[in-house]
Amino acid sequence: MADIDTVTALKAEVKKLNAKATQAKMDLHDLSEELPTNWERILDVARTAHDAHAALIAARQSLADAQAATS
């Protein structure tokens, strides 16, 4: 059973990862508006956005699991 401190820590982690994912999304959007300038960065920026969102989804699942365990 997860305790309140674990849930609180996971909520903070989700908040931090959400901010990173949002920034990565905006970076990808900004790059798309500049194309064809900086086209060489497409894969790097897209990978960063993908990884940020994957981490966010995993953290959200961990939080949901922890919250379910405390119920």
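Read-outs: derived from the displayed coordinates by stated rules, not from any lab. What you see is a predicted model; the values in this text were computed from it and never measured. All Cβ positions, even for glycine, are placed from backbone atoms using ideal geometry, and neighbour counts span all protein chains on display.
Against the chain, whose longest principal axis is taken from its Cα atoms, helix 4-34 shows a tilt of about 10°. For segment 1-42, the convex hull drawn through the C-alpha positions has a volume of 60 cubic angstrom per residue. As a ratio to 2.2 N^0.38 Å, the alpha-carbon radius of gyration computed for the chain takes the value 1.43.
Here each label is just a point 7 Å from Cα along the line to Cβ, and for His29 and Lys11 those points are 2.7 nm apart.
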